[in-house]
Amino acid sequence: MLMPNYSYSDLFRHAIKLYSLIPVSLKNGYAFPPFIYQILVTLRCNLNCDFCFQQKIRNEIPELSLEEIKKIIKQVPAWSVLTLTGGEPFLRKDFYEILDYTLKEKRLRCNIVTNASLIDDRYISQFVEKRLFLLGISLDGIGATHDRLRNKPGLYDRVIDVIKEIQTAKKASKSKFPLIDIKTLVMRENFSELYDMLKLAETLGADFFTLSLPKLSDVQFYPPYRRDMKEIFSARLLKAPETSPKELRILEEQISLIKIHKGRTLVRFYPFNMLDIESIRKFFNNQLKAEDFYPCSIPWSAMYISPYGDVYTCLSYFIGNVRQEDFKKLWTSERYKKFRQMLNRKHLDECCIGCCYSCYKSKT
């Protein structure tokens, strides 16, 4: 449902913008302490999705230890939001301890992004009893479609069972947390199922149904983390996935149905403001321009930390490593400031087009 009233999602997005308003206006690269912290606890995954960039990454460096991660989390302010992701975060044998420290000791608002295949009863109890804020679960199609895209027979049924078990536990505890976000990547293989996915999200009692378009750049959040800013800002956009006129008509029909749907589940679409036929056509016809998007403030709001301690920007620019330097100093470093100063103030830079944080100048 496209709700006119403010949701958690609306409040979060506007909070990011307001939080960075003064630092951005100073034009000197200065930033308040991060509002968002994202830690990739591992790049390992138990699935083998053809469309996932992380399958191409191999690193022999040891991942951050439990104590190293706890040291980082200890310094996260109580008013910030922490996202734990991967890879598949539940592959870490100590992930329960990481989450326990985050929720019990620090009492942070914490989100997790997962394929849900490894979530068991112990984790479900932890989510509900210790108030995990939001659980983002990847689900890219109905039944066999999801299993085929994720190269894992039976995965769809497993994910549905996990969501139902979480909702049962929430009801028993009279809690609305964790919020459930069903996250779907828009692909040719699932064009015809998107509206059914929304109805499924409603049936499951999901709080959000989040659709994302494929990324158009290798320098958005992707390792390797570049050390030369020129390499990043000169990066060319990737072509959008090829679609036939018939496939595009099917997608447009699905988008139309989603827009008029009325229900409890809030529909989100990344990039923001692109849930309309005109912008979808521009995306798949490779007609999007930097001027079509508002300027972005995420580099003044969000810090990203890799499983190996690398601190990097949204455009995969290497800032430093928490194993050698304090991450608070890295956030205020000259390297980070110069990166912020490089960004366009009137609209997005071309290398940012398609980013999930970007906001389209919609005419609707």
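The values are calculated or read from the model by the stated rules, or taken from the named source; none is laboratory data. No experiment lies behind these values; they were computed from the predicted model shown. Glycine gets a Cβ as well: all are built from the backbone with ideal geometry, and neighbour counts include every protein chain shown. Accessible surface is based on the protein model in full, side chains and every heavy atom, while ligands, DNA and RNA are left aside. Shrake-Rupley method; radii C 1.70, N 1.55, O 1.52, S 1.80 Å.
Here the chain is assigned +1 on the Cβ of each Lys and Arg and -1 on the Cβ of each Asp and Glu. Its dipole about the Cα centre then comes out at about 1020 debye. Accessible area per residue for the chain is 47 Å², calculated with a 1.4 Å probe on protein heavy atoms, without ligands, DNA or RNA.
Using the Cβ-Cβ distance between residue 253 and residue 94 with R0 set to 51 Å, the FRET efficiency works out to roughly 0.65. Orientation-averaged projection of region 57-179 equals 8.4 nm² [convex hull of Cα atoms, one quarter of hull surface area]. On the beta carbon distance between residue 337 and residue 107, with R0 = 41 Å, the FRET formula returns roughly 0.85.
Label positions at residue 236 and residue 282, each projected 7 Å from the Cα along the C-beta direction, are separated by 2.2 nm.
Isolated Cys in the chain by the 4.7 Å beta carbon test? Result for the chain is 45, 110, 296, 314, 351, 352, 355, 356, 359, no neighbouring Cys Cβ within the cutoff. With semi-axes √(5λ) of the Cα gyration tensor in Å defined as stated, name the option among (1) 41, 22, 19; (2) 29, 27, 20; (3) 48, 21, 17 computed from the structure displayed. Looking at semi-axes √(5λ) of the Cα gyration tensor in Å for this model, the match is (2). For region 231-364, a crude dipole built from +1 on the beta carbon of Lys and Arg and -1 on the beta carbon of Asp and Glu, taken about the Cα centre, is about 360 debye to the nearest 20.
Between region 66-82 and region 108-147, what is the C-alpha centre distance in whole Å? Cα centres, region 66-82 to region 108-147: 21 Å.
With contacts taken as Cα pairs under 8 Å and at least 6 residues apart, region 32-170 reaches a relative contact order of 25 percent. Cα centroids of region 310-364 and region 160-222: 27 Å apart.
Rounded to the nearest percent, how much of the accessible area of the chain (1.4 Å probe, protein heavy atoms only) is carbon and sulfur? The C+S portion of the solvent-accessible surface of the chain is 53 percent.
For region 29-107, build the charge dipole from Cβ charges (+1 Lys, Arg; -1 Asp, Glu) around the Cα centre, then report which of 43, 90, 29 sits farthest towards its positive end. Toward the positive end, the furthest listed residue is 29. Database remark: amide H of residue 270 closer than 5 angstrom to the amide H of 211, 212, 213 (H placed geometrically; neighbours at sequence offset of 5 or more, or on other chains; Pro and chain starts carry no H). Using the Cα gyration tensor of region 229-308, with a ≥ b ≥ c the square roots of its eigenvalues, what is the shape: rounded (a/c below 1.5), prolate (a/b larger than b/c) or oblate (neither)? Taking the square roots of the gyration eigenvalues as a ≥ b ≥ c, region 229-308 is oblate. Dipole of region 300-347 computed with +1 at Lys/Arg Cβ and -1 at Asp/Glu Cβ about the Cα centre; of 317, 305, 341, farthest Cα towards the positive end is 341. With 0.36 nm allotted per residue and the present C-alpha distance subtracted, the residue 188-residue 129 stretch has 17.3 nm of extension available. What's the FRET efficiency of residue 171 with residue 246 using the Cβ-Cβ distance as r and R₀ = 45 Å, to the nearest 0.05? Once the sixth-power term is evaluated, E becomes 0.55. Between their Cα atoms, which of 17/104; 27/262; 282/329; 289/338; 104/174 are more than 31 Å away from each other? Where the Cα-Cα span goes over 31 Å, the pairs concerned are 27/262; 282/329.
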